[in-house]
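A short write-up of the structure that comes next.
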Amino acid sequence: PHFKKKFPFLKYTSSKARCSGTIICTKPGCVLAGSPDLLAAANGGRGKDGAPIITFPEFAGFSEIPDEDFLNVVTYLTSIPSLEAASIGFIIIIDRRRDKWSAVKASLTRIAGAFPGNLQLVFVLRPSRFIQRAIADIGIKLYRDDFKMKVPIIMLNSVSDLHGYIDKCQLTRELGGTLEYGHSQWIHHRTAIENFAMTVKTTAQMLQTFGTDLAETELPNDVQCTEDLLSAHTDHHSKLKDELKLAVKQGATLLTCIREPVTRSANSKLSPDELENVATVERLLAQLDETEKAFDQFWTRHHLKLEQCLQLRHFEHDFREVKLTLDNLMEAQAGFSDVGDSVSRVEHLLREQKQLEEKGQEPLEKAQTLALHGEQLIQNNHYAVDSIRPKCVELRRICDDFTNETKKKYDILGKSLELHKQLDKASQWCEAGIYLLASQAVDKCQSQEGAETALVEIEKFLATAKEHQLSNPKEFYNQFDTILTPEIKILQKLEDVQEMFDKRQVSLKKLAAKQTRPVQPVAPHPESSPKRASPKTTRPAGVGGPLIFASRYSIQYYSTPYFFSFSHIINELIETERVYVEELQSIIEGYASEMDNPSLLHLIPSMLQNKKDILFGNLPEIYDFHNRIFLKELENCIENPELLARCFLKRKEDLQIYEKYCQNKPRSEALWRQCGDSIFFQECQRKLDHKLSLDAYLLKPVQRITKYQLLLKEMLKCSKNSEGTAELEEALATVLDIIKSVNDSMHQIAITGYEGDVGELGKLLMQGSFNVWTDHKKGHNKVKDLARFKPMQRHLFLYTKMLLFCKKREENTDGHEKTASYSFKNSLKMSTVGITENVKGDNKKFEIWYNGREEVYIIQASSVELKNTWISEIRKVLTGQLEACRGKTQCDLMMLPSFCSFSSAELLRKEIKILISLISGLDLLMSTVISVIYF
């Protein structure tokens, strides 16, 4: 419909729609062409008022022509003149000069009954023989009313009488006129016009079909498909243009043929019918031209959109490549967090930073060029502005971030270099000062002259501190505050040396002012301070002498935290989800599928044969869920962020597939340790161009399921006290519950020694480690007493039907980290246990007892909060069992057997009522006991 609105040629209706196209009658001998006997002819003559003339010449087989054929002929002849001429009315000339009255009567009767047009006059050239003429005169008077014609019927004796009504120039030679009429030429022209009209109609239909296909075509999502589609549409368009050119050429040739008499002779004139033919062909050519123009306009728009689509696909492809390169570049830059601990180290870091900067120049230039290309597309009114502009912004942002981070790294490394150079100079200054103090002989300083000389040496040396910017330590702090840590902010060694100089100056000034008694010459120990010892320090490589600064902090690089808005977090979630799906796809296609590749079978280790399911677990199921469902639902949240929380709530059950994956992970890791170094995996990694080995990628699902809760927490921070916060909190709780379920299941699969099926114990509600004491009525008293004082370390698993007691064991596996297993020790059916929520003397203890306290287990949690959580879950299990029992009992009461006698059935009902009362009383008693114990 959209295409039809734009294309008027789709509304095409031939101006000759009234033409049936019937030119040849079906009866042999009754034809318009190919026979000298004519049934009827429209020779182009006109009456004085312009009325078209149709002639019925003498035709012996007129009465034998079938009605359908006769109707087809007269209908076609009346459809040839224009609507304006046909509205005047037709003049019919019936030539029956050589015939009988019966032929005249038959002709009038048939014409009156079947003529489809508007009649004006009917001329009849009556039979020329005397008797037949007389009969005709009498018959026309008698039967005039039978003909049912509303127009006059004029009986003529000769063609000269006819000339009194119609000019000779409008009559053919057979009727004594001068009008030139060639019937075969007339047939040729009419056939050509009809064929041309059909060609115009067919061409319009082809354009309509092609236009509909164009309008309904969906734009592809990749470069190759877009190029193929553009090429196919262009080829089809070229073929249709050729068809249009052929149609126009056909119409022009036909027009030339019709105008040939006028062209050949200037004195010739076209008859009205020929002029009508010219007008018809010109009208068809005009429609064809209008059709072509409309189609060209639509094609221009469609072709432009296809070219823009191809530009967009190229842009998106280049964007993904550049974005991946820039992300790797930013990741490499983030790894340069060291600021160095010596001049040589800092200079090495500066060279590495320079190499990274040079390495990033080409990707940055590509990103800037791509962003500029995207802006040009936007300026050229590209239809996908909303898709291009964010990518341009993203590219410029990453380029700016890299440039700013590079500048920041250079600033920090520059200050670090300056700092360590100052440290080296200060270290040398301190060493020189210590050497000066040590070289001043005490015996020479006892004299006034010697003391003064020593003072001068010290003052000259202290004056050099300004050259090394050591005169004011506070200025030093302020200058390097951004990279100094509080440990380095105390110039302890410098202060020690300064203190040593101060004390030496005081002593020397006293000696210079007043001589004292001689003292025993003792060389000072410049390495120590009079009041406190210098702390142990670690000297930088390549620096001689002791260090100036003691370290309480280490030099570190501080980066300003970047706070994401809610939309940024959603974008991060979706972008990382896309990357995650792509990584899963690469694992499945690059590793799992290759295990079935016949050309690589010889590289697969024997221990890996038929163990693909163990190595990869249900990874294909996880990929299918994220690729087909979850990623698309998350992408729908770009325009509707409020739907994000619902995605997690809706897919809570689907996300449980991670539990199966994590349960298989230990088996997968064990298998990887056995065959991870095989050539097969190295070859697959090389083909994928992965920097990390397969085991790193097999951790992606575990990392992804934990990543969700971090992003949801960030969203909650950005949307406090706003609409949708409650759903976000519920979504976070859902994800945390999934993670807990996954974690619990990992512990559950490590249970050993349990003879039953763990899957029949119901849902795993809680698990954790506790101190457990036992207090049983049965058993040896000594064992009972010892159990009171020495707790057992037990790991408890709470199911809806059972409570398991296990002992945790940790074992080393082939030099790798320890793996935990849980050895089964005991179990309690939840249908037969009770709880005491508080134990006297310790608010972290509670009791679980069995068979009316025949067996009592005193359990100590690590915290009160953990204890309360377990009690709450156990209480829910017990309450649920009690309600289920009560419901079942009442159901049994309603389902009494119908075949019981009245007395026995009534008795059974009474017994069940008593039982229900006892259960209700027991419920009340239990509640009372629990309340009393609690208080």
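The values are calculated or read from the model by the stated rules, or taken from the named source; none is laboratory data. In this text the structure is predicted, and so the values were computed from the model without any measurement. Quick reminder, even Gly has a Cβ in these numbers, built from the backbone with ideal geometry, and neighbours come from all protein chains shown. What goes into the accessible areas is simple: the full protein's heavy atoms, side chains included, and nothing from ligands, DNA or RNA. Shrake-Rupley method; radii C 1.70, N 1.55, O 1.52, S 1.80 Å.
Residue-by-condition table, conditions (1) in contact with a Gly (Cβ under 8 Å, 6 or more places away or on another chain); (2) touching a residue at least 60 places away in the same chain (Cβ under 8 Å):
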| residue | (1), (2) |
| --- | --- |
| K305 | no, yes |
| L324 | no, no |
| S342 | yes, yes |
| L364 | no, no |
| A371 | no, no |
| I378 | no, no |
| A384 | no, yes |
| I388 | yes, yes |
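Of note, G433 satisfies the criterion of being out of contact with any Leu (no Cβ under 7 Å at 6 or more places or on another chain) and open to solvent by less than 10 Å² (accessible area, probe 1.4 Å). Looking across the stretch 264-291, the residues that are modelled with pLDDT of 85 or more and either open to solvent by 50 Å² or more (accessible area, probe 1.4 Å) or not in a helix (DSSP H, G or I) (or both) come down to E282, R283, A286, D289, E290. Scanning the stretch 347-363 for residues that are within 32 Å of the chain's Cα centre (by Cα) and either under 25 Å from S416 (Cβ atoms) or acidic (D, E) (or both) returns K359, G360, Q361, E362. Among the residues making up the stretch 590-626, those that are free of Cβ contacts under 8 Å to residues at least 24 places away in the same chain, part of a loop (DSSP other than H, G, I, E, B) and open to solvent by 70 Å² or more (accessible area, probe 1.4 Å) are Q609, N610. Residue pairs whose Cβ atoms lie under 8 Å apart, sitting 6 or more positions apart in sequence or on different chains, and linking a residue in the stretch 71-86 that is more than 11 Å from P52 (Cα to Cα) to a partner that is outside any helix (DSSP H, G or I) and among the aromatic types (F, W, Y), are V74/F115.
Can you find even one residue in the stretch 244-263 that is over 19 Å from S184 (Cα atoms), touching a Leu at 6+ places or on another chain (Cβ under 7 Å) and open to solvent by 30 Å² or more (accessible area, probe 1.4 Å)? Yes: one or more hits.
Determine if the stretch 715-728 includes at least one residue that is within 25 Å of P620 (Cα to Cα), of a type in the set (V, I, T) and modelled with pLDDT under 85. Taking every residue of the stretch 715-728 in turn, none turns out to be within 25 Å of P620 (Cα to Cα), of a type in the set (V, I, T) and modelled with pLDDT under 85.
Quick grid of which residues meet (1) under 27 Å from L219 (Cβ atoms); (2) open to solvent by 30 Å² or more (accessible area, probe 1.4 Å); (3) not in a helix (DSSP H, G or I):
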| site | (1), (2), (3) |
| --- | --- |
| R313 | yes, no, no |
| M330 | no, yes, no |
| S337 | no, yes, yes |
| E358 | no, yes, no |
| Q368 | no, yes, no |
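Screening the candidates F59, F9 for the property of being under 60 Å from the mean Cα position of the chain (by Cα), modelled with pLDDT under 80 and among the aromatic types (F, W, Y) yields one hit, F9.
Inclusion of T26 among residues that are modelled with pLDDT of 80 or more and of a type in the set (S, T, Y) is not warranted. Pairs linking a residue in the stretch 217-235 that is part of a helix (DSSP H, G or I) to a residue that is surrounded by 12 or more Cβ atoms within 10 Å (Cβ to Cβ) and among the basic types (K, R), with Cβ atoms under 7 Å and 6 or more positions apart or on different chains, are V223/R313; T226/R313. Assess whether L655 counts as being crowded, with 16+ Cβ neighbours inside 10 Å and more than 29 Å from L608 (Cβ to Cβ). Yes: the conditions hold for L655. Screening the candidates I111, I166, I140 for the property of being crowded, with 16+ Cβ neighbours inside 10 Å, part of a helix (DSSP H, G or I) and at pLDDT 80 or above yields one hit, I111.
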